[in-house]
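For reference, the structure discussed in these notes is given below.
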Amino acid sequence: MTNIEWETWLARWNRELIDRLEPGRDYTDPENDLTTEIIASGWLGYPGATEEQIEQLETRLGMPLPPSYRAFLRSSNGFRQPGVLVPRLLPIGEVDWFRQQNQETIDMLKSYELEDLTNALAISARERTGTAIYLLNPDVVDDDGEWEAIYYAHWMHPCPHYCSFPELMQRAFRTLLWNHESPGKLQIPEEDLPLLGSRIPLLIEEFDRGAQQFISSLESYELRERLAREAAQKQKEFEDLIKRARENIKTQGNDQEPKQFLFASFVQPVPHQSASDQHERDQTEVDYNKAALESLEAAKTRVLEIQANFTQPEDLYRELMALLQETKERYQNYMSARTGGYRRDRAEGLSQGSLVAFSTINSWFTNSR
């Protein structure tokens, strides 16, 4: 996309974002540079970057940027996206390699043999409590110099990959329209309806992949709980040993507590931790993972029932759309009830994790259009 094409596209993107802001909802966020004045101005973009600024970024990264992303930066050096999971495309000064702040995430993904994002370039901010982020991958480049684009989010594995940054943004645009349309306006092209049934196994795979992620999380918390119990037991045993040693010393008529005990060289205390606080945090995460797993399993069961009972493409489409609408309403209820506090949301059951069925089905439907 050229500068002019980006300017035209961003004007429409800007209009669609502004039009979909919910009345009364507070979108302002100093961390993401969004204020009531910016919203009132009607323009969510930034002044375009200069060629010198772009070249400085390329020098810092050690490689030239893809042409379409360069053109985007010249049109708007970043862009605010209120109401979208990815809240902001970053200005040049904040663009950096994903590994700089997310090495732990990269290591975790590699340990599960998922995407290797070591060399990915982070070009967007993340929601304060979320993981959705736009990445560019310099390891996959086409003949026009365009880098592969990746939409990374912890609830989607494998993550969607796109041929270029413009394709990723076009998909984000279509998803925005899809999420806000009424059920009667959501349409798959008629020529694609016969293919819908053949794509259901892909949806089942997405359910299974997501479920395995939450099962693995639950197993890790079970292991942590067991280790915590063992640590608490060792701590108690150590304290009992200290108490008996002191009693023995006093029995022998020595009231002075020695600086070191004979067993100090081979008995080490367990570092003190607030077990109750850690247990509370873990229990919140366990409840979240269980809710998400139940949601996925229930949706998968419904899809299998629909597949078994409806063979005509039109009927299959109608039933799947009804299921999507159900999960969408739960998702919207969650969004409207959010308190803004990560732990509080989860503790009160307002967890997006319990609505992952919507994200899974919606992503599948979007890619089926």
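If the condition is being part of a helix (DSSP H, G or I) and among the small types (Gly, Ala, Ser), then the stretch 55-78 contributes 68, 71, 75. Within the stretch 35-64, restricting attention to residues that are modelled with pLDDT of 95 or more and in contact with a strand residue (DSSP E or B) (Cβ under 8 Å, 6 or more places away or on another chain), the residue that is nearest to residue 122 (Cα to Cα) is 61. For the stretch 83-95, does any single residue satisfy the condition of being in the same structural domain as residue 168 (by TED's automatic domain parsing), part of a helix (DSSP H, G or I) and surrounded by 17 or more Cβ atoms within 10 Å (Cβ to Cβ)? The answer is yes; a qualifying residue exists. How many residues are exposed (fewer than 13 other Cβ atoms within 10 Å of the Cβ), more than 19 Å from residue 211 (Cα to Cα) and modelled with pLDDT of 75 or more if we restrict to the stretch 267-313? Residues flagged as exposed (fewer than 13 other Cβ atoms within 10 Å of the Cβ), more than 19 Å from residue 211 (Cα to Cα) and modelled with pLDDT of 75 or more within the stretch 267-313 amount to 4.
For the stretch 158-174, a residue qualifies if it is more than 19 Å from residue 206 (Cα to Cα) and either without any contact (Cβ under 8 Å) to a residue 24 or more places away in the chain or assigned to a strand (DSSP E or B) (or both), and the qualifying residues are 163, 167, 170.
Matching residues to (1) of a type in the set (Asp, Glu); (2) at pLDDT below 90; (3) closer than 22 Å to residue 28 by Cα; (4) more than 17 Å from the chain's Cα centre (by Cα):
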position: 86; (1), (2), (3), (4): no, no, yes, no
position: 89; (1), (2), (3), (4): no, no, yes, no
position: 116; (1), (2), (3), (4): yes, no, no, no
position: 119; (1), (2), (3), (4): no, no, no, yes
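Scanning the stretch 63-73 turns up one or more residues that are exposed (fewer than 14 other Cβ atoms within 10 Å of the Cβ), touching a residue at least 12 places away in the same chain (Cβ under 8 Å) and touching a Pro at 6+ places or on another chain (Cβ under 7 Å).
Given the condition exposed (fewer than 15 other Cβ atoms within 10 Å of the Cβ) and either modelled with pLDDT under 75 or in contact with a strand residue (DSSP E or B) (Cβ under 6 Å, 6 or more places away or on another chain) (or both), answer yes or no: does some residue in the stretch 205-216 qualify? Checked against the condition, which is being exposed (fewer than 15 other Cβ atoms within 10 Å of the Cβ) and either modelled with pLDDT under 75 or in contact with a strand residue (DSSP E or B) (Cβ under 6 Å, 6 or more places away or on another chain) (or both), the stretch 205-216 yields no hits at all. Screening the stretch 121-157 for residues that are among the polar types (S, T, N, Q) and part of a loop (DSSP other than H, G, I, E, B) and picking the one that is nearest to the chain's Cα centre (by Cα) gives 131.
Only one of the listed residues (52, 22, 31, 37) is touching a residue at least 12 places away in the same chain (Cβ under 8 Å), assigned to a helix (DSSP H, G or I) and surrounded by fewer than 13 Cβ atoms within 10 Å (Cβ to Cβ). That residue is 31.
The values are calculated or read from the model by the stated rules, or taken from the named source; none is laboratory data. Values in this document were obtained by computation on a predicted structure and should not be read as measured data. Backbone-built Cβ (ideal geometry, glycine too); neighbour counts: all protein chains shown.
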